[in-house]
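Have a look at the structure below before the remarks.
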């Protein structure tokens, strides 16, 4: 079985802080990580590989050259091959353009199953997976919590807010993984050595995939959506902050507020 | 020329979802600015009767595709139906709920039709000059807000989470047109098979529906402290919720999580106990009517958005507050 996992390198948004003076993001020193849902997707792919003989797991990432680190980590976890899609022409792509680029790159590979994470923690759109599936014309199953193989098909536990669907899907297909799908393994020492010495990260630019990709569909120019303005949120008007109260005084203050707002 | 605002009115088991009704309310406001119509799209099996309800909530028209294949959500038949309707009708704007169905369907539709899609918008307005839809959403884990445009492609599409917009009051005297559309489905549209449906049986509380919320954060320290919060919640008729830290620690189920990766709530009262107020959490609750925060750390950012902040030990304050509420009820009962 040929499995391709699409990952994104993201800043660890839980580490991002706002500069209280300039009200801008402090990005310096914020570590880059493999997006958590994608990392779970890598683990799910490696577990499928362990069950099906002669499987290959390829990991693919679009991003700046530094995204090499994310791919090396995936190789160290046990992925067989890695592809980095990097080109200045890809910069500024929205989800439509990004999914067009990744879909064109996927057409260069043979695949049975494509796994992406449900969503990335920096953008939170959850769009690129389904859009890749549409560009490739293959079925998608989103929010996978569990993946099993049954004969030549996959069984996927798809989580919705109020129900779980057990879905049977043939190949090829695209699955978006929840973090719950599998707890990612740690890189092994041998894996790390392999990732940097034996295995290679293939680097593809626009030219490598241009036969199936129209230049008018990539980058800022090829993106239907555009950010016109970004801003930090204005803080809501601050109410009273009471300190050095006794516990009873605190209760009285809260009860008074309840009464004022007709909660009691 | 494209015109009118379309809303995907989601239903499950024949019951209309709240977010669809909220979006009709928002679409009404936008349509009035543009002097256009609001059209609700309803897909399902045996759902015709619900079409009128969409009109009563503010739609000028409902389009219904009623077919057995649409009973349970499957990506391809839903995408096909929506896509054919959009190609035929050429709307200006299409809105979807940012539910698991909406977030599966909308990107697939946007890719097929070749247009932009903005996820999880918290604000939608019409630019007075260009008449374009201004779609504002949190990015970077809620640290910044971005306003997004889709200038050259139609329709302009957005998803919005439940609880962000407000539904209009239902008005059973409202009249509108109901159009039934037949879509021809073929066997290959069923490219996946649902072999079993497991509905979540445990009485799952929907915190987005709660009027009052008592919420716990990392500062509560242990899982059993939720019992203390539940006692307070019971006295108030509130639901319990939590920040991501509690969910990550396994203290409470993810269903109760408020914030960027959880749910967006805006109850009449939100009591934040031991929640520091990281932006990822605040994004999900800052529109609450009244925010009361209790935290030991007076520098906690939650105090920046609280209407009443108490610097103190919630382990002592909460039980006393619960007791005080009990007492006040007894006194009222005597009068």
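The values are calculated or read from the model by the stated rules, or taken from the named source; none is laboratory data. In this text, all values refer to a predicted model and were calculated from it rather than measured experimentally. Positions of Cβ are backbone-derived with ideal geometry, glycine not excepted, and every protein chain shown enters the neighbour counts.
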Q. Residues in region A:70-89: is at least one over 16 Å from residue A:1 (Cα atoms), surrounded by 18 or more Cβ atoms within 10 Å (Cβ to Cβ) and within 14 Å of chain B (Cβ to nearest Cβ)?
A. no
Q: Output the strands (runs of 3 or more DSSP E) that fall wholly within region A:1-114 and possess 3 or more residues being at pLDDT 95 or above, or say none.
A: A:2-7, A:56-62, A:81-85
Q) Do you know which residues across region B:42-56 are outside any strand (DSSP E or B) and on the phi < 0 side of the Ramachandran plot? A) B:45, B:47, B:48, B:49, B:50, B:51, B:52, B:53, B:54, B:55, B:56
(Q) Looking only at strands (runs of 3 or more DSSP E) that lie completely in region A:120-176, which have at least 2 residues being at the interface with chain B (Cβ under 7 Å from one of its Cβ atoms) and farther than 24 Å from residue A:99 by Cβ? (A) A:163-169
**Q.** Unique match (being at the interface with chain A (Cβ under 9 Å from one of its Cβ atoms), in contact with a helix residue (DSSP H, G or I) (Cβ under 9 Å, 6 or more places away or on another chain) and under 30 Å from residue B:22 (Cβ atoms)) among B:311, B:240, B:282
**A.** B:282
Q | Failed item, numbered, when residue B:232 is tested on (1) more than 21 Å from residue A:241 (Cα to Cα); (2) surrounded by fewer than 19 Cβ atoms within 10 Å (Cβ to Cβ); (3) in contact (Cβ under 8 Å) with a residue 40 or more places away in the chain | A | (2)
Q) All but one of (1) more than 20 Å from residue B:71 (Cβ to Cβ); (2) out of contact with any helix residue (DSSP H, G or I) (no Cβ under 6 Å at 6 or more places or on another chain); (3) more than 11 Å from chain A (Cβ to nearest Cβ) hold for residue B:150; which doesn't? A) (3)
Q) Are there any strands (runs of 3 or more DSSP E) wholly within region A:189-264 with 3 or more residues that are free of Cβ contacts under 8 Å to residues at least 60 places away in the same chain and surrounded by 12 or more Cβ atoms within 10 Å (Cβ to Cβ), and if so which? A) A:226-231, A:240-242
**Q.** Candidates B:91, B:77, filtered to the one that is crowded, with 18+ Cβ neighbours inside 10 Å and assigned to a loop (DSSP other than H, G, I, E, B)
**A.** B:91
Q | Counted residues, region A:223-264 - those being at pLDDT 95 or above and more than 7 Å from chain B (Cβ to nearest Cβ) | A | 1
